[in-house]
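Notes follow once the structure below has been shown.
The values are calculated or read from the model by the stated rules, or taken from the named source; none is laboratory data. Only a predicted model underlies this, so the values are computations on that prediction, with no experimental measurement involved. Glycine gets a Cβ as well: all are built from the backbone with ideal geometry, and neighbour counts include every protein chain shown. To get the accessible areas, we keep the full protein, side chains included, count just its heavy atoms, and leave off ligands, DNA and RNA. Shrake-Rupley method; radii C 1.70, N 1.55, O 1.52, S 1.80 Å.
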Amino acid sequence: SAIRSDAGFTNATNLADWVVDEKRRAAEAEINYLLNGRYTVPFTKPIPELITTITIRLASGLLLQSAYHGQSKEGDTKVKDARALLQQLASGAVALPGEVGEQVGSGVSSYPDSDCPPRLFSIEDRF
């Protein structure tokens, strides 16, 4: 999983899946708690990429802290960085892009406007 990989435990066969899942659930609960009121939580698919990144970073940091009994500088850094970004999202200093997780009470009704010229290419085009 991405959490195992980010924590450096890809080949750690003695690390039970339920432990990784427990840290993921803890990270998701913290994210939902901090972003409640600013965003509609829990997030639904498709999950914003930034939320996925924060979840992986926070869960892997919590996993490292747990595995090394609070003595992991890497785990501390991952948790600190993830929580700092969460605080920025919660305060509104940083906003999530896209339709899912849009700020409560804000956003655009459509894009592009009818006044905009047609797009010359789309994300599906291959060059």
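Need the full-extension length gain, Asn36 to Val94, defined as separation in residues times 0.36 nm minus the C-alpha distance. One decimal, nm.
Once the chain is fully extended between Asn36 and Val94, it gains 19.4 nm.
Residue by residue, what Karplus-based ³J(HN,Hα) values in Hz, rounded to whole numbers, does the range 40-48 have, using 6.51, -1.76 and 1.60 with θ = phi - 60° and x for Gly and Pro?
Using θ = phi - 60°, the values come out as 7, 10, x, 5, 10, 5, x, 6, x Hz.
How much accessible surface area, in Å² rounded to 10, belongs to the heavy atoms of Thr40 with a 1.4 Å probe?
90
Report the full-extension gain for the segment Ala2 to Thr77: residue separation times 0.36 nm, less the Cα-Cα distance, to one decimal in nm.
25.2 nm
So if R0 is 22 Å, what FRET efficiency would Glu22 and Lys45 give, r being the distance between their Cβ atoms, rounded to the nearest 0.05?
Efficiency for this residue pair is about 0.50.
Say each of Thr10 and Ala29 gets a label point 7 Å from the Cα, pointing the same way as Cα to Cβ; how far apart are those two points in nm?
3.0
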